[in-house]
Amino acid sequence: MRRMQYHETIKVPSERIGVIVGRNGRVRKRIEELTNVKIDVDSTGIVTIIRSVDTEDPVLAWKARDIVRAMARGFSPKNAFALVDDDTRLVVISLRESVGTSPTQLKRVAGRIIGENGRTRRLIEQITETKLSVYGKTVSLIGSDPGLDYAQRAVDMLVKGAPHGAVYSQLERMRREMNRQRAELWEPTDL
């Protein structure tokens with residue numbers, strides 16, 4: 001009986017192929033181990049993810065896809081591997097849809113998101129407990145809710161031209177909300 005396979009292909013930028021493969025193939029092998037798939041990477045940037053249909057957890061192939069997409073969008077393997085966790089997701093935001101294709105506009109908006117010496121990016125990551133990558137014409141986020149939602153809101157405000165001070169104030173409100181939610185989670189309930 002022939003074993004059925006599922007496969008998906010992803011086109012990645014050529015300069016990110018080395019990150020996905022890793023030294024001596026270590027990163028690719030680690031993805032395969034964590035997600036129970038086979039990964040083929042060709043020199044043109046086509047990554048093929050193959051899983052057997054009888055694999056116990058078919059969701060693992062999607063996780064492999066997201067890990068590869070995250071590395072293709074500028075994340076380190078260490079940050080991308082966080083996507084193995086069930087609560088952690090990848091969100092890719094196209095700047096082209098918001099600001100058009102003008103290289104000047106794309107560079108300006110990317111600069112606003114990163115901030116002077118990376119300050120804005122670091123602040124978003126710290127407060128929302130996410131990871132952020134600005135790469136090419138995209139902004140990508142790795143995290144879990146509610147932080148991931150808050151990080152998306154902050155990026156959206158910056159893309160739309162909100163002053164940095166307003167974004168920082170909003171981030172502080174988000175931090176208080178996240179802390180409040182955590183406190184409620186640990187409060188004993190009356191039985």
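List of remarks:
- With 26 Å as the limit, the listed pairs K29/K131; K11/K160; K63/K160; K137/K160; K78/K137; K11/K78 have K11/K160; K63/K160 beyond it between alpha carbons.
- Residues T9 and V91, FRET efficiency given R0 of 25 Å [Cβ-Cβ distance, rounded to 0.05]: 0.70
- Dipole magnitude (debye, nearest 20) for the range 77-191, charges at Cβ of Lys, Arg, Asp, Glu: 840
- Assuming charge only on the beta carbon of Lys and Arg (+1) and of Asp and Glu (-1), the dipole of the range 5-83 about its Cα centre is about 380 debye to the nearest 20.
- Degrees between helix 103-114 axis and first principal axis of the chain (Cα, 0 to 90, nearest 10): 70
- Farthest toward positive dipole pole in the chain [+1 Lys/Arg, -1 Asp/Glu at C-beta], among I17, N79, S169: I17
- In plain terms, the chain from R119 to R26 could stretch by 30.2 nm, reckoned as 0.36 nm per residue minus the Cα-Cα distance.
- FRET efficiency, E172 to R108 (Cβ-Cβ, R0 22 Å, nearest 0.05): 0.30
- Between the C-alpha center of the range 7-36 and that of the range 99-149 there is a gap of 24 Å.
- Remark on the chain: hydrodynamic radius 18.2 angstrom, per the Kirkwood mean of 1/r across alpha carbon pairs.
- Sorted fewest first by neighbouring Cβ atoms within 10 angstrom, R173, R23 come out as R23, R173.
- Size descriptors for the range 89-186: radius of gyration and Dmax over Cα atoms are 13.4, 48 Å.
- On the basis of the beta-carbon distance and an R0 of 41 Å, I50 and E129 show a calculated FRET efficiency of 0.80.
A short reminder: the numbers here are calculations on the coordinates, not readings from a lab. These figures come from a predicted structure and were not determined experimentally. Note: ideal-geometry Cβ built from the backbone for every residue, glycine included; neighbour counts use all protein chains shown.
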